[in-house]
Amino acid sequence: MQGEEAVFNFKKIMERTRRAVFFGGAGVSTESGISDFRSEDGLYRQKYKYPPERILSHTFFTEHTEEFYAFYRDKMLCLAAQPNAAHKKLAQWEAEGKLFAVVTQNIDGLHQKAGSKNVFELHGSIWRNYCVRCGMPYPVQRIAAGSGVPRCACGGVVKPDVVLYEEPLDQSVLNGAVQAIRAADTLIVGGTSLNVYPAAGLIDFFQGDNLVVVNLGAPAKDMRGTLFIDGKIGQVLSRL
Ligand code: NAD
């Protein structure tokens with residue numbers, strides 16, 4: 001469904017919603033100027049020696065740390081990016097008591113920048129970094145300003161607190177996200193192709209009344225009983 005009618009129906013759903021949860025992905029931040037993976041100008045279509053999912057894997061980080069950091073600094077460290085209308089509307093709904101939690105696959109921290117408090121970062125955050133040897137935390141500015149492989153005073157490699165491919169998700173974040181989704185009366189899914197597991201599987205825990213999907217193009221997962229709005233999430237949410 002598209003256009004006025006779909007937005008009207010979404011508005012009606014939000015009027016009767018008491019405990020919404022938002023589940024989102026990289027498409028939520030494209031309107032803030034951060035590339036996603038699978039859009040036409042996403043990272044998959046840009047020319048790199050390896051596909052992004054290989055570069056952002058644990059094996060690649062361990063074996064080609066310098067190359068990992070070249071890509072990471074270039075494409076993932078978007079420190080100047082600002083929240084768009086989608087981030088802002090979700091933060092507003094939380095402040096009004098209408099939205100209980102944001103569950104995000106993003107690592108850019110833009111939901112918190114917009115004012116969201118209860119955010120489950122399934123894949124971690126670029127804003128936290130630590131030494132893999134001694135655990136010492138390092139500010140992201142240290143990673144952004146330097147070149148090559150960032151090292152701790154103890155000599156260990158500094159790693160972003162992001163979940164790389166092949167790495168498990170943090171169990172407490174996962175549990176919190178599942179509980180939030182289970183207890184939601186409305187689940188809004190947006191800006192995600194739903195290709196990345198186990199994150200995409202979390203929406204199966206939803207047992208509430210209203211499932212709304214706002215995405216450019218239909219996501220990979222078949223979701224029945226859904227209000228599907230094919231559009232830009234910032235543009236759609238700003239009309240609510
Ligand atoms: P994806 O690239 O696989 O899919 C993005 C989806 O969003 C696509 O279906 C695309 O059509 C849609 N989309 C793009 N712009 C949109 C917009 N303005 N409004 C609505 N829909 C829009 O992303 P994914 O499903 O999140 O999976 C990729 C993985 O990459 C995730 O694990 C995520 O952690 C990571 N990632 C994160 C960032 C970030 O933190 N901003 C950026 C790139 C990748």
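The values are calculated or read from the model by the stated rules, or taken from the named source; none is laboratory data. Please read these numbers as outputs of a predicted model, since none were measured by experiment. Counting neighbours? That spans all protein chains shown, and the Cβs are built from the backbone with ideal geometry, glycine included.
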Exercise. V189: within 14 Å of the ligand (Cβ to nearest atom), part of a strand (DSSP E or B) and not assigned by TED's automatic domain parsing to the domain that holds R73, yes or no?
Worked result: yes
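Residue-wise test of (1) in a loop (DSSP other than H, G, I, E, B); (2) assigned by TED's automatic domain parsing to the domain that holds Y50; (3) among the aromatic types (F, W, Y); (4) out of contact with any Cys (no Cβ under 7 Å at 6 or more places or on another chain).
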{"residue": "G148", "(1), (2), (3), (4)": "yes, yes, no, yes"}
{"residue": "C154", "(1), (2), (3), (4)": "yes, yes, no, no"}
{"residue": "V158", "(1), (2), (3), (4)": "no, yes, no, no"}
{"residue": "A177", "(1), (2), (3), (4)": "no, no, no, yes"}
{"residue": "A184", "(1), (2), (3), (4)": "yes, no, no, yes"}
{"residue": "V196", "(1), (2), (3), (4)": "yes, no, no, yes"}
{"residue": "A200", "(1), (2), (3), (4)": "no, no, no, yes"}
{"residue": "V212", "(1), (2), (3), (4)": "no, no, no, yes"}
{"residue": "D222", "(1), (2), (3), (4)": "yes, no, no, yes"}
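Which residue, of H64, H87, is within 13 Å of the ligand (Cβ to nearest atom) and either modelled with pLDDT of 95 or more or out of contact with any strand residue (DSSP E or B) (no Cβ under 8 Å at 6 or more places or on another chain) (or both)? Walk me through how you get there before you give the answer.
On the way: H64 fails: within 13 Å of the ligand (Cβ to nearest atom).
Residue meeting the stated conditions: H87.
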Exercise. In this structure, is Q92 in the same structural domain as L202 (by TED's automatic domain parsing) and buried (at least 20 other Cβ atoms within 10 Å of the Cβ)?
Worked result: no
Problem set entry | Filtered residues of segment 124-150 (kept if under 23 Å from A199 (Cβ atoms) and not hydroxyl-bearing (S, T, Y)) | G124, I126, W127, R128, N129, V140
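With respect to K117, is the statement that it is in a loop (DSSP other than H, G, I, E, B) and charged (D, E, K, R) true? Break it down into steps so the answer makes sense when it comes.
Working: in a loop (DSSP other than H, G, I, E, B): yes; charged (D, E, K, R): yes.
Answer is yes for this residue.
Only residues that are within 16 Å of the ligand (Cβ to nearest atom) and among the hydroxyl-bearing types (S, T, Y): list them for segment 117-144, please. Lay out the reasoning, then the answer.
First, the residues of segment 117-144 that are within 16 Å of the ligand (Cβ to nearest atom): 119-129, 140, 143-144.
Once the filter is applied, which keeps residues that are within 16 Å of the ligand (Cβ to nearest atom) and among the hydroxyl-bearing types (S, T, Y), segment 117-144 yields only S125.
Would you mind stating whether S147 is among the polar types (S, T, N, Q) and under 14 Å from the mean Cα position of the chain (by Cα)? Let's see the steps before the verdict.
Details: among the polar types (S, T, N, Q): yes; under 14 Å from the mean Cα position of the chain (by Cα): no.
Considered against the rule, which asks whether it is among the polar types (S, T, N, Q) and under 14 Å from the mean Cα position of the chain (by Cα), S147 comes out as no.
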Exercise. Could we say that V163 is within 16 Å of the ligand (Cβ to nearest atom), within 17 Å of the chain's Cα centre (by Cα), among the β-branched types (V, I, T) and modelled with pLDDT under 95 here?
Worked result: no
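Out of all the residues in segment 102-111, is one or more more than 12 Å from the ligand (Cβ to nearest atom) and either of a type outside the set (V, I, T) or assigned by TED's automatic domain parsing to the domain that holds F68 (or both)?
As a first pass, look at segment 102-111 and keep what is more than 12 Å from the ligand (Cβ to nearest atom): 102.
Narrowing the set further to residues that are either of a type outside the set (V, I, T) or assigned by TED's automatic domain parsing to the domain that holds F68 (or both) leaves none.
No: segment 102-111 contains no residue that is more than 12 Å from the ligand (Cβ to nearest atom) and either of a type outside the set (V, I, T) or assigned by TED's automatic domain parsing to the domain that holds F68 (or both).
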Seminar exercise, completed: When (1) assigned by TED's automatic domain parsing to the domain that holds E53; (2) not in a strand (DSSP E or B) are applied to G217, the one that fails is (1)
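Evaluate segment 145-152: report whether one residue or more is within 16 Å of the ligand (Cβ to nearest atom) and either surrounded by fewer than 16 Cβ atoms within 10 Å (Cβ to Cβ) or not aromatic (F, W, Y) (or both).
Pass one, segment 145-152, residues within 16 Å of the ligand (Cβ to nearest atom): none.
For segment 145-152, residues within 16 Å of the ligand (Cβ to nearest atom) and either surrounded by fewer than 16 Cβ atoms within 10 Å (Cβ to Cβ) or not aromatic (F, W, Y) (or both): absent.
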Exercise. Do you know which residues across segment 80-108 are closer than 17 Å to I126 by Cα, in a loop (DSSP other than H, G, I, E, B) and under 15 Å from the mean Cα position of the chain (by Cα)?
Worked result: A81, Q82, P83, Q105, N106, I107, D108
